[in-house]
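**Q** I am attaching a structure below and will ask some questions about it afterwards.
The values are calculated or read from the model by the stated rules, or taken from the named source; none is laboratory data. Small disclaimer: the values here were computed from a predicted structure and weren't measured. For neighbour counting, all protein chains shown are included, and Cβ atoms are generated from backbone atoms with ideal geometry for every residue, glycine included.
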Amino acid sequence: MAPDDQDKQLRAVALKNSQTILAARQRAEGERDRAQGALELKTKELARALATMRATFESTTDGILVTDSGGHVEAFNQRFTRLWGLPEAILQSMDHQQWLPAIAANLADPAAFSARIAEIYATAPDTTFDVLQLADGRVFERFSTVQTTEGERTGRVWNVRDVTERRQEHEGRFRLAALVESSDDAIISKSLEGVISTWNDGAQRVFGYTAAEVVGKSITILIPPDRIHEEPEILAQIRRGDRINHFETERVRKDGGRIDVSVTASPIRDDEGRIIGVSKIARDITQAKRIERENLRLVEVLKESDRRKDEFLAILAHELRNPLAPIRNAAQILRTRSGEDPELGWATEVMDRQLAQMTRLVDDLLDVSRISRGKVPLQQERVDLATIITSALDGARPLIEKAGQVLTVAAPAHRIFLHADPVRLSQVVLNLLSNAAKYTNPGGRISLTTEEDGEWVLIRVKDSGIGLPADRLDDIFEMFVQVDSSLERSHSGLGIGLTLVRQLVAMHGGTVAAQSDGPDKGSEFIVRLPTVGALDEPRSAAAASEEQASSGPSTLRILVVDDSRDSAESLVLLLRLLGHETRAAYDGLEAVHAAEDFRPDVVLLDIGLPKLNGYEAARRIREVHGADLTLIALTGWGQAEDRRTSREAGFDHHLTKPVEFEVLLGLLKTAKKRPNH
Ligand code: ADP
C-alpha cells in the first residue's frame, strides 16, 4: 500500500474509532444521566414514603417506641413522650433503660412494671400485651412486637394506648347491667315490632318465664286477650318518640295468673338518634292494687255503716217521738186537775220540763240525721235578723235566768236582712245560747252581739264559762263529740247541738267557729252569714196567724185517728176535758167510716196508719166531705217534703208529734163548725 493510502486508511480508522468512542461516551453519559434521574426519583419517592410514614407515625393516637435488640431507642413518636410525660433531658439519651425509671414513676405499681420490662428483655417473646394501671387513675394497654429484618430479630416496637375512657364506659355498662339484673322490676327490651330482645331476672320473677323462654318471642304472650289492643298503641307512641309513664294495666304470668302492673316504656335510639327499639319497666303492683281495692271496699263499708247509722238515728228519733205525744197529752190532762192539788201541780211541771228537754234532744237527733242525709230543705225567705234573734232569745231567756247568768244583747241600730230559714237560724242561735248557759257557772256573763262586716253579718255568742282547750276548737263541731265525755259529766246532751249548728249555717252559705283562751277562760262562737240588701219589711207570718187565732168556736166535733191507742185516747180525753165532742179511730179505714158517722168538724189524723195510710184516708175523707172540715196531720215526720205531701193529700195543717198543745189549741180556734152542726 502506498504511504498515502496507508495514511488515508489510518486516518479513516482513527476517525471511525474516535466516532465510535464518542458514540460510546455519549451512550455512557446518557445512561449515567438516566440512572441519575432514576436515582433522584427513587430518592424522592423514598423521602415521600418516609415523610408519609413519619406523619402516620405521629398522627396515630397510640404512643410508639422502636428499640433495637440492645435496648437502644431507634424511633419514637411525640404521643409516646406525651403519654408518659417524658422530659426533654431524658429524650437526649436514646437509651431505653435510661427512660424506664421516668416511665415507671407514672405507674400505680412501678416495681411490677420494671420487673415486667426486665422479663420482656430477658425472654424476648414475639409479642406481649399488658394492662397498665397508672397512679393518676388512667389505664394504658401496652402491646409489643418483635421486629425482624431479613429473618433476623432486630428490635422491638412498643405500642401504648390510653384506654381510660373506653374502660370507664365499659365499667359503666357493667354497672348498669348489674343494676338491671338486681332490679325487682321487670326490665325488658323489645324491637319496634314487639319482639323481646332482653329479659332481666326481675322479669323472670314478675312473669315466671326465663330469658331463654321468651327472648325472640312476641311480647304479646304477656298480654291478656282483652288488653291486646294496648300493644299497638304503645308501639305507635314509642315510634313517635314519646315516653309512656306509669301506665297501669294487667298482664298474664306464665302460670296464667293475672297481675296488675305499672308500665313505663321509652324509645331506644341508636348513635344517630333513630328509634330502634323499646325499653320497658314493668312493676308488679298487684299487692298495692289489692290494698287499694281493699281500702276502697272499706270506705264503702264505712259509708254504708255511716248511712245505716244515720238511718238508725232517724228511725230512733222518730220512734222516740211517738211515745212523747201521749205522755204530753196525759201531762196536760193532769194539769187540768192540778188546780186542786199542789203536788199534782208540781208533778206536772216536772213532767212538762223533762218532756220539753226530751223533745228538744229527740228533735236535734232527728234534724242532725236528716241533714246528714241531705233531707232538710230550707224554707228560705227574706228575713230580718232581729226576728231570728228575738225568737232565739225567747227560747234561751228562761234557761239563762234559771242558771243565774247575766245576759247582754248588742245589735246594730239599723236592720239587717238575710235570705234564710228563720226557724232554722233561730235554732242555731238558740243552740249556741243554751250551750253558753249550760257551760257557764251561775253568776257568769253571756253576751249576744250582732255586727255587720261588709256583706256579712257576724253573730257572736260569748260566755265567761268553762272555756275550751285549743285543740278541741274544731272537733267539737263533729257529731257526738263532747269535751268532757266521762259518765260523771254534769251536763246533759248528745254532742250533736254544734253539729247541727254547723250544718245549718253551712246550708245558709255561712261558717261557724269557736274561740277560747283556754279552760275556764270562757268561749265565743262566731257565726258568719251572708246578708241581703234592705227592702220594706214583710209582714211577719206569726203576726198574721196571731190575728187569725184570736177567736174561734168553743165546741167542735173532733175525730182523733192514731194506731197508738195511748196517743189517741189521751188526746181524746184531753180534748173532751176542753169541752169538745170527740171520737177515736185506730186505722185508716176506720177513720173514713168514722168521718161518715160522726161528721167531725176537725180530723186529727196520724199518717203511719194500718189498712189505709193517713194520706189516702185524708184524700177519701176530703172527697166525701169537701172543704167542710179541717184536716190536721199529726205525724213524726215534719220536714218540708212531708208537709207538701200532706198538703197535696188535702190536709189543712201539719203538726209534728209531740204536738205543742198551745199550737193545737190555736189551730182549733181557727177551725170552722160545719154548717149542719
Ligand atoms: P252537747 O252540748 O250536747 O254535749 P254540743 O254539740 O252542743 O253537744 O257541744 C259539744 C261539746 O262542745 C260540748 O259537750 C262541750 O264540751 C263543748 N261546748 C259547747 N259549747 C260550749 C261552751 N259555750 N263552752 C264550753 N264548752 C262548750
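**Q** Against the definition (surrounded by 12 or more Cβ atoms within 10 Å (Cβ to Cβ), within 15 Å of ASP284 (Cα to Cα) and out of contact with any Pro (no Cβ under 7 Å at 6 or more places or on another chain)), how does GLY194 come out, yes or no? Let's see the steps before the verdict.
**A** Values: surrounded by 12 or more Cβ atoms within 10 Å (Cβ to Cβ): yes; within 15 Å of ASP284 (Cα to Cα): no; out of contact with any Pro (no Cβ under 7 Å at 6 or more places or on another chain): yes.
Judged against the criteria, GLY194 is not a match.
**Q** Can you tell me which residue within the range 501-534, out of those that are part of a strand (DSSP E or B) and over 28 Å from GLY444 (Cα atoms), is nearest to the ligand (Cβ to nearest atom)?
**A** Among them, the one singled out is PRO530.
**Q** Can you name the condition, by its number, that ASP384 falls short on among (1) under 25 Å from THR499 (Cβ atoms); (2) in contact (Cβ under 8 Å) with a residue 40 or more places away in the chain?
**A** (1)
**Q** Something else now. Exactly one of (1) crowded, with 16+ Cβ neighbours inside 10 Å; (2) within 16 Å of the ligand (Cβ to nearest atom); (3) assigned to a helix (DSSP H, G or I) is unmet by MET351. Its number?
**A** So MET351 meets the others, but not (2).
**Q** Does the range 227-241 contain at least one residue that is more than 22 Å from GLY277 (Cβ to Cβ) and either among the hydrophobic types (A, V, I, L, M, F, W, C) or free of Cβ contacts under 8 Å to residues at least 24 places away in the same chain (or both)?
**A** Just the residues of the range 227-241 that are more than 22 Å from GLY277 (Cβ to Cβ), to begin with: none.
So far as the range 227-241 goes, no, none of its residues is more than 22 Å from GLY277 (Cβ to Cβ) and either among the hydrophobic types (A, V, I, L, M, F, W, C) or free of Cβ contacts under 8 Å to residues at least 24 places away in the same chain (or both).
**Q** Do we find that ALA591 is at pLDDT 90 or above, crowded, with 22+ Cβ neighbours inside 10 Å, more than 10 Å from VAL560 (Cα to Cα) and in contact with a strand residue (DSSP E or B) (Cβ under 7 Å, 6 or more places away or on another chain) in this structure? Steps first, please.
**A** Values: at pLDDT 90 or above: yes; crowded, with 22+ Cβ neighbours inside 10 Å: yes; more than 10 Å from VAL560 (Cα to Cα): no; in contact with a strand residue (DSSP E or B) (Cβ under 7 Å, 6 or more places away or on another chain): yes.
Taking the combined requirement at face value, the residue does not satisfy it.
**Q** If ARG539 satisfies all but one of (1) at pLDDT 85 or above; (2) of a type outside the set (Ser, Thr, Tyr); (3) exposed (fewer than 14 other Cβ atoms within 10 Å of the Cβ), what's the number of the condition it fails?
**A** (1)
**Q** From GLN78, GLN92, which residue is out of contact with any Pro (no Cβ under 7 Å at 6 or more places or on another chain) and surrounded by fewer than 10 Cβ atoms within 10 Å (Cβ to Cβ)?
**A** Numbers: GLN78 fails: surrounded by fewer than 10 Cβ atoms within 10 Å (Cβ to Cβ).
Exactly one of GLN78, GLN92 is out of contact with any Pro (no Cβ under 7 Å at 6 or more places or on another chain) and surrounded by fewer than 10 Cβ atoms within 10 Å (Cβ to Cβ), namely GLN92.
**Q** Tell me, which helices (runs of 4 or more DSSP H) wholly within the range 60-161 include 2 or more residues that are farther than 29 Å from LEU50 by Cβ? Quick ask: steps written out before the conclusion?
**A** Numbers: elements: 78-84, 88-91, 96-104, 110-123.
Hits in the range 60-161: 96-104, 110-123.
**Q** Now for a separate question. If the Cβ limit is 8 Å and pairs must be 6+ apart or interchain, which residue in the range 648-667 that is at positive phi pairs with which residue that is assigned to a helix (DSSP H, G or I) and among the hydrophobic types (A, V, I, L, M, F, W, C)?
**A** As it stands, the answer is GLY650/ALA618; GLY650/ILE621, since those pairs meet every condition given.
**Q** Does ARG360 meet the test of being in contact with a helix residue (DSSP H, G or I) (Cβ under 6 Å, 6 or more places away or on another chain), surrounded by 13 or more Cβ atoms within 10 Å (Cβ to Cβ) and without any contact (Cβ under 8 Å) to a residue 24 or more places away in the chain?
**A** Details: in contact with a helix residue (DSSP H, G or I) (Cβ under 6 Å, 6 or more places away or on another chain): no; surrounded by 13 or more Cβ atoms within 10 Å (Cβ to Cβ): yes; without any contact (Cβ under 8 Å) to a residue 24 or more places away in the chain: yes.
So ARG360 fails the test.
**Q** Could you list, in sequence order, the residues of the range 363-381 that are surrounded by 15 or more Cβ atoms within 10 Å (Cβ to Cβ) and more than 23 Å from LEU313 (Cβ to Cβ)?
**A** GLN380
**Q** Of the residues that make up the range 145-157, is at least one out of contact with any helix residue (DSSP H, G or I) (no Cβ under 7 Å at 6 or more places or on another chain), surrounded by 14 or more Cβ atoms within 10 Å (Cβ to Cβ) and basic (Lys, Arg)?
**A** Scanning the range 145-157 turns up at least one residue that is out of contact with any helix residue (DSSP H, G or I) (no Cβ under 7 Å at 6 or more places or on another chain), surrounded by 14 or more Cβ atoms within 10 Å (Cβ to Cβ) and basic (Lys, Arg).
**Q** Let me ask something else about it. Looking for whichever is in a helix (DSSP H, G or I) and either hydrophobic (A, V, I, L, M, F, W, C) or within 12 Å of ARG253 (Cβ to Cβ) (or both) here; the options are ILE221, ILE187. Which one fits? Reasoning before the result, please.
**A** Working: ILE187 fails: in a helix (DSSP H, G or I).
Of ILE221, ILE187, the one residue that is in a helix (DSSP H, G or I) and either hydrophobic (A, V, I, L, M, F, W, C) or within 12 Å of ARG253 (Cβ to Cβ) (or both) is ILE221.
**Q** Restricting to the range 234-252, count the residues that are among the acidic types (Asp, Glu) and more than 12 Å from ILE268 (Cα to Cα). Write out each step before concluding.
**A** Kept after step one, since they are among the acidic types (Asp, Glu), are these residues of the range 234-252: 242, 248, 250.
Then keep just the ones that are more than 12 Å from ILE268 (Cα to Cα); that gives 248, 250.
Of the residues in that region, 2 qualify.
**Q** In the range 287-305, how many residues are exposed (fewer than 12 other Cβ atoms within 10 Å of the Cβ) and either closer than 26 Å to ASP606 by Cβ or of a type in the set (D, E, K, R) (or both)?
**A** Start the filter on the range 287-305 by keeping residues that are exposed (fewer than 12 other Cβ atoms within 10 Å of the Cβ), which leaves 287, 290-291, 293-305.
Next, from what is left, pick out any that are either closer than 26 Å to ASP606 by Cβ or of a type in the set (D, E, K, R) (or both): 290, 293-294, 297, 300, 303-304.
Total satisfying the criteria: 7.
**Q** Counting just the residues of the range 419-438 that are out of contact with any helix residue (DSSP H, G or I) (no Cβ under 6 Å at 6 or more places or on another chain) and more than 16 Å from ILE526 (Cβ to Cβ), which one comes out surrounded by the fewest Cβ atoms within 10 Å (Cβ to Cβ)?
**A** Only one residue fits best here, namely VAL423.
**Q** From LEU494, LEU498, which residue is within 11 Å of the ligand (Cβ to nearest atom) and either assigned to a strand (DSSP E or B) or modelled with pLDDT of 90 or more (or both)?
**A** Among LEU494, LEU498, only LEU498 is within 11 Å of the ligand (Cβ to nearest atom) and either assigned to a strand (DSSP E or B) or modelled with pLDDT of 90 or more (or both).
**Q** Tally time: how many residues in the range 113-126 are hydroxyl-bearing (Ser, Thr, Tyr), under 14 Å from THR154 (Cα atoms) and without any contact (Cβ under 8 Å) to a residue 40 or more places away in the chain? Don't jump to the end; show me each part of the working.
**A** Of the range 113-126, the ones hydroxyl-bearing (Ser, Thr, Tyr) are 114, 121, 123.
After this cut, where a residue has to be under 14 Å from THR154 (Cα atoms) as well, the list is 121.
Now drop any that are not without any contact (Cβ under 8 Å) to a residue 40 or more places away in the chain, which leaves none.
Residues meeting the conditions: 0.
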